[in-house]
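Data first, discussion second: the structure below is written as structure tokens.
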Amino acid sequence: MNSSSSAVPHHIAIVMDGNGRWATRRLLPRLAGHKQGVDSLRRCARACAERGVGVLTVFAFSSENWNRPADEVSGLMDLLAKALAREVPDLHKDGVQLHFVGDKASLSEKVRAGLQQAEAITAGNTRLVLNVCFNYGGRWDIAQAAAALAERGEPITEAGLDRAMALSHVADPDLLIRTGGEMRISNFLLWQCAYSELVFSDRLWPEFDEAALDEAIAAYASRERRFGKTSAQVQKSSRSASVQT
Ligand code: FPP
């Protein structure tokens, strides 16, 4: 049984894997899978907000995805621009605060301006924080945080790095889900997932629906989060917390 304060994770992070296979199985181009992936993301964000999840962080384009075929890379850039134009008004209406996390320097001026505008429009929303990791890598994040501290002449400490990380505006993920059947982290949130519970789903991302999300949350709720302590210590402190409330 989960010993943190809630059975619903405050912060869920997702590696949205399996778009390509979803499309290939239907004899469609891979980009059709990514388009379906945007629909799945919209559905998942709504479902998270309805369940009281406060933060959703998704891996949309990794630092390594530049190595994919050029037409898939340009298709994903185009999809991002179109998804922004189409989705931002509804996300705003639904109370979603958008953040784009990653190395923006190598994105085109037009894409960068779109991201900034979407963040500005939704900045005051509080129902769900949605972090879209784009041109992001966990190693990039740790390196850029260390470089920022070095440039300011600050000591490289855990607390300092934590403050300089690209996701410093949110608490660390409680639950990390990877869809698509692979069991690896693939350079996502390496620093922030130190104590996240990991759930791997065989569903391909376009097929990851509300029931699959509920299964992942139920798996999370059944885990005992010990953060380095013993099980006896954790159970004692959760008993005294429940007496106090
Ligand atoms: C991994 O599946 C998925 C990606 C690299 C892209 C994820 C993007 C989306 C879900 C769309 C949201 C995007 C934007 C622009 C907001 P894969 O292609 O590796 O699938 P495979 O393992 O089946 O080949």
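The values are calculated or read from the model by the stated rules, or taken from the named source; none is laboratory data. Predicted, not measured: the structure shown is a model, and the values here were computed from it. Here the Cβ positions follow ideal geometry from the backbone for every residue, glycine too, while neighbour counts run over all protein chains shown. For the accessible areas, the whole protein counts, side chains as well, though only heavy atoms, and no ligand, DNA or RNA atoms are used. Shrake-Rupley method; radii C 1.70, N 1.55, O 1.52, S 1.80 Å.
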Peptides 109-115, 37-43: what's the order by average Cβ count within 10 Å, highest mean first? 37-43, 109-115
Compute the distribution of all C-alpha to C-alpha distances in the range 41-143, in bins of 10 Å from 0, and list the percent of pairs in each, rounded to whole numbers. 14, 47, 32, 7
The chain accessible area per residue, 1.4 Å probe, protein heavy atoms, integer Å², reads 51 Å²
Can you tell which of Q144, L80, F59 lies farthest toward the positive end of the dipole of the chain, using +1 and -1 charges on the Cβ of basic and acidic side chains (Lys, Arg; Asp, Glu)? F59
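Relative contact order of the chain: what whole-number percent is it, with Cα pairs under 8 angstrom and at least 6 residues apart? Display every interim value, and only then the final one.
Working: 375 pairs, mean separation 72.6, N = 245.
RCO, the chain: 30 percent.
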Proximal lysines to K35, defined as alpha-carbon separation beneath 18 angstrom and excluding residues fewer than eight positions away on the same chain: K82
So what's the convex hull volume per residue for the Cα atoms of the range 136-245, in Å³? 153 Å³
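Which helices count as membrane-span-like in the chain under these terms: full DSSP H, at least 18 Å along the axis by C-alpha, Kyte-Doolittle mean of -0.5 or more?
70-93, 109-122, 138-151
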Using alpha carbon coordinates only, what is the Rg to Rh ratio of the range 1-97, with Rh defined as the Kirkwood radius? 1.03
Okay, helix-only estimate at 222 nm for the chain: each DSSP H run of n ≥ 4 adds -39500 (n - 2.57), divide by all residues, round to 500 deg cm²/dmol; what do you get? -15000 deg cm²/dmol
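Only Lys, Arg, Asp and Glu count, each charged at its Cβ (+1, +1, -1, -1), so figure out the dipole size of the range 35-165 about its Cα centre, rounded to 20 debye.
On the way: 16 positive and 17 negative charges, 87 e Å.
With only Lys, Arg, Asp and Glu charged at Cβ, the dipole is about 420 debye.
On the protein heavy atoms, probe 1.4 angstrom, tell me the percent of accessible surface of the range 78-196 carried by carbon and sulfur.
Numbers: 3190 of 5940 Å².
So the carbon and sulfur contribution to the accessible surface is 54 percent.
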Gyration tensor (alpha-carbon) shape descriptor, the range 83-203, a/c threshold 1.5: oblate
Identify, among T179, L190, S108, the residue whose Cα sits farthest towards the positive end of the charge dipole of the chain, taking +1 on the Cβ of Lys and Arg and -1 on the Cβ of Asp and Glu, with the dipole about the Cα centre. T179
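Take each of the peptides 10-16, 99-105, average the number of other beta-carbon atoms within 10 Å over its residues, and list them starting from the highest. Working shown, then result.
Values: 10-16: 23.4, 99-105: 17.9.
The densest-packed peptide leads the list: 10-16, 99-105.
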Under 8 Å for C-alpha pairs, at least 6 residues apart: give me the relative contact order for the range 108-186, rounded to a whole percent. 19 percent
When you take every Cα atom in the range 116-186, what is the radius of gyration, and what is Dmax, the widest Cα pair distance, in Å? 14.9, 43
Per-bin percent of Cα-Cα distances, the chain [10 Å]: 7, 29, 36, 21, 6, 1
At A218 and R51, where each label point lies 7 Å from the Cα along Cα→Cβ, what is the point-to-point distance in nanometres? 1.1 nm
Cut-off under 5 Å, modelled amide H: who pairs with F100 long-range: V132
Among A123, L28, V199, whose Cα projects farthest towards the positive end of the dipole of the chain, with charges put on the beta-carbon of Lys, Arg (+1) and Asp, Glu (-1)? V199
